[in-house]
Structures are given as structure tokens and as C-alpha cells.
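Presented below is the structure to which this report refers.
The values are calculated or read from the model by the stated rules, or taken from the named source; none is laboratory data. Treat the numbers as computed from the prediction; the structure is a model and nothing was measured. Cβ sites come from the backbone with ideal geometry, for glycine too, and all protein chains shown count toward neighbours. Ligands, DNA and RNA are stripped out before the accessible areas are found, and what is left, the full protein with its side chains, is counted by its heavy atoms. Shrake-Rupley method; radii C 1.70, N 1.55, O 1.52, S 1.80 Å.
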Amino acid sequence: MFVELRKDDPRPVYRQIADELQRAISVGVLKPGESLPSTRQLAAELRLNPNTVQHAYRTLLHEGMIEMRRGLGAFVSAAPREPRQRPAAVARQIAERALRDAFRHGLLASDLLRALEEIAPRGS
């Protein structure tokens with residue numbers, strides 16, 4: 001699965017899971033009608049208590065991103081609502097990931113900024 005949890009993240013673990021799944025839905029990695037892993041399966045994969053994953057799924061259900069089908073599990077909603085996350089928060093999360101990856105490869109923040117300036121459309 002594509003859920004990345006960070007110990008140094010101030011958000012609760014269930015919120016990190018919900019945000020990662022919400023992002024995957026928003027960018028089209030998870031398509032409408034696609035099934036999500038069972039709570040036990042995802043909990044085992046992430047080495048978490050199943051109640052934590054269940055809390056994340058309930059949060060996404062409440063936000064209209066997923067639907068629960070009795071006896072079948074959780075599925076991406078046919079028409080998921082757009083997340084209520086602010087663009088600045090999403091941009092920060094993306095930047096944090098990029099910076100971590102850059103550091104792993106021996107790059108500096110200035111290297112990333114220079115690369116972004118090169119590839120970003122003019123006037124944006």
C-alpha cells in the first residue's frame with residue numbers, strides 16, 4: 001500500500017492514514033469504486049492496531065471519500081467529495097517529502113528550489 005507514516009508527524013496516526021488515502025483518491029491512484037484493503041490487512045501491513053485503521057476509515061466515510069458496503073468492506077465513493085484540506089497544507093506535505101528524499105540523495109534544499117524554478121511554468 002502507499003501509506004507513509006511518520007513518527008515525527010504531529011498528526012495522530014489515524015489522521016495520517018486518512019490523509020494519505022485521501023491524497024491517493026484525489027490524484028487518481030485510487031479510482032471510484034475501487035476497494036480499499038480490509039482494516040485488518042492494512043493494520044497488519046502498517047503494524048498498527050486495527051482500531052486505528054478503522055478510525056481512519058470512519059473519518060473518510062464521514063468526509064464522503066469512501067463508502068462502506070456491508071459484508072464487502074470499504075470502497076472509494078463513486079463521486080468522492082474534494083478534500084477540505086487547505087492547498088498550503090498539501091503543498092507543505094509534498095515539500096516535506098521531497099526534502100526528505102533530497103536529503104537521502106545528498107541534495108540540499110537549494111538544489112530542490114533551483115530544480116522547481118526550472119520546471120515550474122512561468123507566471124505560476
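Does residue 2 satisfy the criteria of being at pLDDT 95 or above and outside any helix (DSSP H, G or I)?
no
Give me a count of the residues in region 41-58 that are of a type in the set (S, T, N, Q) and farther than 10 Å from residue 14 by Cα.
Total meeting the criteria: 2.
Just to be sure, is residue 40 open to solvent by 70 Å² or more (accessible area, probe 1.4 Å), of a type outside the set (Phe, Trp, Tyr) and either free of Cβ contacts under 8 Å to residues at least 40 places away in the same chain or under 20 Å from residue 4 (Cβ atoms) (or both)?
Considered against the rule, which asks whether it is open to solvent by 70 Å² or more (accessible area, probe 1.4 Å), of a type outside the set (Phe, Trp, Tyr) and either free of Cβ contacts under 8 Å to residues at least 40 places away in the same chain or under 20 Å from residue 4 (Cβ atoms) (or both), residue 40 comes out as yes.
Run down 117, 67 and say which single residue is modelled with pLDDT of 85 or more, open to solvent by 90 Å² or more (accessible area, probe 1.4 Å) and acidic (Asp, Glu).
Working: 67 fails: open to solvent by 90 Å² or more (accessible area, probe 1.4 Å).
On inspection, the qualifying residue turns out to be 117.
Quick one: residue 110 ticks every box in (1) over 22 Å from residue 24 (Cα atoms); (2) within 14 Å of the chain's Cα centre (by Cα); (3) polar (S, T, N, Q) bar one, so which box is it?
Unmet for residue 110, out of (1) over 22 Å from residue 24 (Cα atoms); (2) within 14 Å of the chain's Cα centre (by Cα); (3) polar (S, T, N, Q): (2).
Select from region 17-30 the residues that are without any contact (Cβ under 8 Å) to a residue 40 or more places away in the chain and part of a helix (DSSP H, G or I) and write down the one among them that is surrounded by the fewest Cβ atoms within 10 Å (Cβ to Cβ).
Checked region 17-30; the qualifying residue surrounded by the fewest Cβ atoms within 10 Å (Cβ to Cβ) is 20.
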